[in-house]
Each structure stands twice: as C-alpha cells, then as structure tokens.
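**Q** Pasting a structure here, questions to come.
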Amino acid sequence: MQTDINKGYIKAGFSKIKISPRKNIELCGYGYYLNRVSTGILDDIYSQALFLKLKDTKVLFISCDVLGISESIYKEIADEISKQLDISKENIFISATHTHCAPTVRALSGCGEIDKDYIEYFKKKIIKNAINSSKNIYNSEVKIKKIQIDEFSFNRESPTKEEVEQDMMLVSFAADKEKILLAQFSTHATMLSNKFTKVSKDYVGAFEKLTKELGFDDYIFFNGACGNLLPLIVKKNLKTNSTGDTFISSKKLDNEKSCLNKSILNQYKLNDWLVLDVNNISVKRRKIEIDYKVPPGYKNSERMKKYFESAFYDGIDMKKGVLKIKYEKGKDDVINKKVRLEGIKKFIKVKYDEFKENLRNGDLKKNISIDINLISIGDLKILTYPLELPIKIEKELRSVYSNLLILCYTNGLKGYICKSNGTSCYAKKRGSLLYNMFPFKDNSWKKVINESKELLKV
C-alpha cells in the first residue's frame, strides 16, 4: 500500500477498552426515579479512541457506550490527555453512543444517580485508552461511503409516528496493519425498556459482528441528531402509549441487530467507496448563546409549581388544583403505574425545589453557551455538538455538504433542542427538564442550523 502522506494518507491509531461496571450500580435513562439497578451484563460496554495526526496537527476522537458525559468530566479527561499526549484540548472530542443501559456519567434529573467510584474508574479507563491509541499509528488511506437505512427508525414527535429513511455515514481508515471502520448513525439506542436492568450497548452492538463481515479489524461508533428518532421495534412493541414502555427479549434484540446488519450489508454493496484527499486537517470552533424559554411569570412561586406539573400531567384544574393524569393499564413487563407516578411526583418536587433555590440565590440562568466544532480532514467534515438534536438538522446540513458527519452528545451534554412545530409535550418540556431548568426557545434549532452553515463556509 502506498504510504506517502503527501498523497492523501493520514497517520491513524486505534484502541478500545472495556468500561463495564460492577453489579448494583444504577443505570441511566428511561424515566424518573425508577431505580434501575444493574443486575448483570447483557453485553460489555466499551470506549474506543481514534487518534489522527497529519504533520504537526493531532486530533483525537473518543466514543463511549454511555448515555451522555458531563462537561466537567469531559474537561477533566481532556486536560489529562492533553498533557500526556501533547495535544491541544480543543482537538479532543469525547462522545456518547447514548445507550440507556449504562451507568450515569452525566447527571440527569431523576434518571440515575452518579456513582463516584464508577466515575473515577471511567476517567482512568478513557485516559489510558486514549494514550494507547497514539502508540501504534499507521499511514492510512481515508475513504467514505454513504448508505441509506430504512425500516429501522420512526419519528416519535410526529402525530403519526412515521417511519423515516436516513443516512448512515461510514469512514474507512485503512493501513497495511490495521483497518478501522468509523460509523455515524442517528437513532436512540433504546431498543430495550425501562424495566431492563442489564448493562448493554443496545443496537450499537450490531456493529461488532458487522465490522468483521465488512473486513475491518474494529470500529468506532458515533450517534448523530437522533433527538426525535427511536428504533422501529419500540413502536411495534409498545405496551402503553409511553415509548419507554416497550419490552423485547435478549433473543429479540439479537434478531433486530441481525436485521440491521443485513440492511447495512445490502446497501453497502450498492455504493462504492470515495477516496478522500486528506492533505490537511484543521479544527474550528464557533461559540453561540442559546436562550431558555423562561415563563413570563417565573417569579410567581405557585404559578411555577403548576408550570412544572403541567409538563407531565394531561390537564390541571387551576381552581381546584386537581391533577389529571392518563395512564393505561400496566403490563407485567413494564414499569407499573404506581412506580411511574411516584417517580414523576418526586421529579416535579425536586425540580421545583431546585428552581426556588436558584431564584432565591439569583442563579436562575436564562441562556447557555454552546460550542460547535468543525473538524476538517481534507474533504471530510465533522460537526460536533454538546446537544441532543432533531434529525432535521442533520438532513439540512448534509444537503449543504454531503461528506459530513454529525456527532451529538460530544464534549458534554447541555440540553435537548427540538423542532418547534408538531413536537410532543415530552420533546418540548419533559426531555428538556432532564438537562436544564427550562426548555430552549423555539427558534433554537434554527440558530444551530444557521451557525453551523456559517461554520461550514469558513
């Protein structure tokens, strides 16, 4: 294989490490105060690191099988890696695959308590793996392929929950001694349910077998703008109207992963790889302010109590103070109504108490600062966001530049931005309250698109 980096080759190194937790640690996601304590491991979770170097520029991509990572933990890890690898902190990107069956690494209100011992274990593992990725680097040819996947995801924010067709981006880093597949796909890793208590990568585990079938040595996976996308199996197996109330067996999960593999393999054969010119590598950043949608009467304590309640209850009789809630009859294989209702009540109280304390201390934030990063690797461009975003953003940006990867849940997780029209109550309020005190303003998703387009022009 040709190894002249001046003719389109980049130095690349890869490493992965197991980050599975011990038993009896709370898992993150699926609902409020459900106490989903791990009872074992369905499949081990990992972190993968891809180290790139061209001339004097180094870039490091890290993917972790967790729901999300806090900004503070990202900074701690990046600081240490920067020192040990002599790499700029601004060139280190740490993402989450967004599985809901892993320990909490980013505090979400009511969705899993942080285990301090696991956090220390997690940080040490990520740092160790990042260093290992830089030890064996090879001159690699970079190729990209786009394939279309259908019959796998649906849009939970649409009234009809329609199925969606979407792109999967594959990037090959191929050297004589090692061939690594980078995959970017956008769908929540939530095939499993709110009653599932084993550690798992969810559907992301499909890429392990797929990698070998495609002739690669290993893979690194990144989730994209999947804020409103769930696996279709969730829709098919709903036990109630709540998308957390689905259940599939581990055997059914394996079957669904096999179906995803077949779909990818069938599409993979239809398109050729595009060899990329990688004679340059750069990182650019744009900092933007996103405003929260703060209610005009936020200084009225009783009114704000109703505000937090209204995010979860179907209706409120303001005169009688009666809360109306609609839940279907529970099933044996999902969280029952009593557990769910008690969790919601606790969530509302905790959030309301937090609001009062912030208001009293003058610490009620009305906006937040967000970094959007653009990494250019020759003809390949990668945008990263510390956000959960709707698929519309990904589709629109890829129409501007086709060889584009979108990495959400990266360098922290600061909130959930949804498209304003036609979104569900969960998208507009509940999902946002997991991360912040208030949802973002309705025009926030447009601001992210416009700022990203400007960055792509640089």
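The values are calculated or read from the model by the stated rules, or taken from the named source; none is laboratory data. Everything quoted here is computed from the prediction, not taken from an experiment. Counting neighbours? That spans all protein chains shown, and the Cβs are built from the backbone with ideal geometry, glycine included.
**Q** Would you mention how many residues in region 428-446 are over 13 Å from GLU396 (Cβ atoms) and assigned to a helix (DSSP H, G or I)?
**A** Within region 428-446, residues that are over 13 Å from GLU396 (Cβ atoms) and assigned to a helix (DSSP H, G or I) number 9.
**Q** Turning to a different aspect of this structure: Which ones in region 141-156 are under 19 Å from the mean Cα position of the chain (by Cα), of a type outside the set (S, T, N, Q) and surrounded by 20 or more Cβ atoms within 10 Å (Cβ to Cβ)?
**A** PHE152, PHE154
**Q** Condition check: at pLDDT 95 or above and in a helix (DSSP H, G or I). Does VAL234 satisfy that? Walk me through it before giving the result.
**A** Numbers: at pLDDT 95 or above: no; in a helix (DSSP H, G or I): yes.
In short, no.
**Q** What number of residues within region 38-60 satisfy the criterion of being part of a strand (DSSP E or B) and among the basic types (Lys, Arg)?
**A** 2
This table checks each residue for (1) buried (at least 16 other Cβ atoms within 10 Å of the Cβ); (2) in contact with an Asp or Glu (Cβ under 8 Å, 6 or more places away or on another chain).
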| position | (1), (2) |
| --- | --- |
| SER249 | no, no |
| LYS262 | no, no |
| LEU265 | no, yes |
| ASP272 | no, no |
| ASN280 | no, no |
| VAL283 | yes, yes |
| PRO295 | no, no |
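**Q** Looking only at region 1-26, count every residue that is hydrophobic (A, V, I, L, M, F, W, C), at pLDDT 95 or above and not in a loop (DSSP other than H, G, I, E, B) and tell me the total.
**A** 4
**Q** Is at least one residue of region 7-26 surrounded by 24 or more Cβ atoms within 10 Å (Cβ to Cβ), among the hydroxyl-bearing types (Ser, Thr, Tyr) and farther than 22 Å from ASN280 by Cβ?
**A** No, there is no match, as no residue in region 7-26 is surrounded by 24 or more Cβ atoms within 10 Å (Cβ to Cβ), among the hydroxyl-bearing types (Ser, Thr, Tyr) and farther than 22 Å from ASN280 by Cβ.
**Q** Output yes when any residue across region 279-293 is in the same structural domain as LEU210 (by TED's automatic domain parsing), under 25 Å from GLU157 (Cα atoms) and touching a helix residue (DSSP H, G or I) at 6+ places or on another chain (Cβ under 6 Å), and no when none is.
**A** Scanning region 279-293, I find no residue that is in the same structural domain as LEU210 (by TED's automatic domain parsing), under 25 Å from GLU157 (Cα atoms) and touching a helix residue (DSSP H, G or I) at 6+ places or on another chain (Cβ under 6 Å), so the answer is no.
**Q** Could you say whether any residue in region 75-94 is modelled with pLDDT under 95 and of a type in the set (Ser, Thr, Tyr)?
**A** No, the conditions are met nowhere in region 75-94.
**Q** Could you tell me whether any residue of region 385-396 is modelled with pLDDT of 90 or more, among the β-branched types (Val, Ile, Thr), outside any loop (DSSP other than H, G, I, E, B) and within 27 Å of the chain's Cα centre (by Cα)?
**A** yes
**Q** Being touching a Lys or Arg at 6+ places or on another chain (Cβ under 8 Å) and more than 30 Å from TRP445 (Cα to Cα) is the filter; apply it to region 206-236 and report the residue that is surrounded by the fewest Cβ atoms within 10 Å (Cβ to Cβ).
**A** If we take residues in region 206-236 being touching a Lys or Arg at 6+ places or on another chain (Cβ under 8 Å) and more than 30 Å from TRP445 (Cα to Cα), then GLY215 is surrounded by the fewest Cβ atoms within 10 Å (Cβ to Cβ).
**Q** Right, another one. Which condition number does TYR138 fail, the rest of (1) buried (at least 23 other Cβ atoms within 10 Å of the Cβ); (2) touching a residue at least 40 places away in the same chain (Cβ under 8 Å); (3) aromatic (Phe, Trp, Tyr) being met?
**A** Unmet condition: (1).
**Q** Quick check on region 63-78. Is at least one of its residues assigned by TED's automatic domain parsing to the domain that holds SER133, over 21 Å from the mean Cα position of the chain (by Cα) and surrounded by 17 or more Cβ atoms within 10 Å (Cβ to Cβ)?
**A** No - not one qualifying residue is present in region 63-78.
**Q** Just checking, how many residues over region 351-378 are under 25 Å from the mean Cα position of the chain (by Cα) and either surrounded by 15 or more Cβ atoms within 10 Å (Cβ to Cβ) or assigned to a strand (DSSP E or B) (or both)? If you could, list the steps in order and put the result at the bottom.
**A** Of region 351-378, the ones under 25 Å from the mean Cα position of the chain (by Cα) are 351, 365-377.
Next cut, either surrounded by 15 or more Cβ atoms within 10 Å (Cβ to Cβ) or assigned to a strand (DSSP E or B) (or both) only: 351, 367-377.
Residues flagged as under 25 Å from the mean Cα position of the chain (by Cα) and either surrounded by 15 or more Cβ atoms within 10 Å (Cβ to Cβ) or assigned to a strand (DSSP E or B) (or both) within region 351-378 amount to 12.
**Q** Could you check region 105-114 and list, in sequence order, the residues that are of a type outside the set (A, V, I, L, M, F, W, C) and either touching a helix residue (DSSP H, G or I) at 6+ places or on another chain (Cβ under 6 Å) or modelled with pLDDT of 95 or more (or both)?
**A** SER109, GLY110
**Q** Same structure, new question: Counting only residues that are crowded, with 24+ Cβ neighbours inside 10 Å, in contact with a Cys (Cβ under 9 Å, 6 or more places away or on another chain) and not in a loop (DSSP other than H, G, I, E, B), how many does region 194-205 have?
**A** Here the count works out to 2.
**Q** Run PHE312 past the list (1) in contact with a strand residue (DSSP E or B) (Cβ under 8 Å, 6 or more places away or on another chain); (2) more than 30 Å from GLN148 (Cβ to Cβ); (3) not charged (D, E, K, R) and report the number of the one that doesn't hold.
**A** All conditions pass for PHE312, except number (1).
**Q** Within region 99-140, count every residue that is over 22 Å from the mean Cα position of the chain (by Cα) and within 30 Å of GLN267 (Cα to Cα).
**A** Looking only at that region, the number is 3.
**Q** I've got another one for you. Of the conditions (1) surrounded by fewer than 16 Cβ atoms within 10 Å (Cβ to Cβ); (2) more than 27 Å from LEU230 (Cα to Cα); (3) of a type outside the set (A, V, I, L, M, F, W, C), LYS53 satisfies every one except a single condition; which number is it?
**A** (1)
**Q** Name the pairs whose Cβ atoms lie under 8 Å apart, with the first residue in region 70-84 and closer than 13 Å to LYS58 by Cβ and free of Cβ contacts under 8 Å to residues at least 12 places away in the same chain, the second of a type in the set (S, T, N, Q) and surrounded by 13 or more Cβ atoms within 10 Å (Cβ to Cβ), and 6 or more positions between them or separate chains?
**A** SER82/SER88
**Q** Taking MET191 as meeting all but one of (1) assigned to a helix (DSSP H, G or I); (2) touching an Asp or Glu at 6+ places or on another chain (Cβ under 8 Å), write down the number of the exception.
**A** (1)
**Q** Moving on. Which ones in region 111-140 are under 30 Å from GLU342 (Cα atoms) and in a helix (DSSP H, G or I)?
**A** Let us first name the residues in region 111-140 that are under 30 Å from GLU342 (Cα atoms), namely 111-119.
Within region 111-140, LYS116, ASP117, TYR118, ILE119 meet the criteria.
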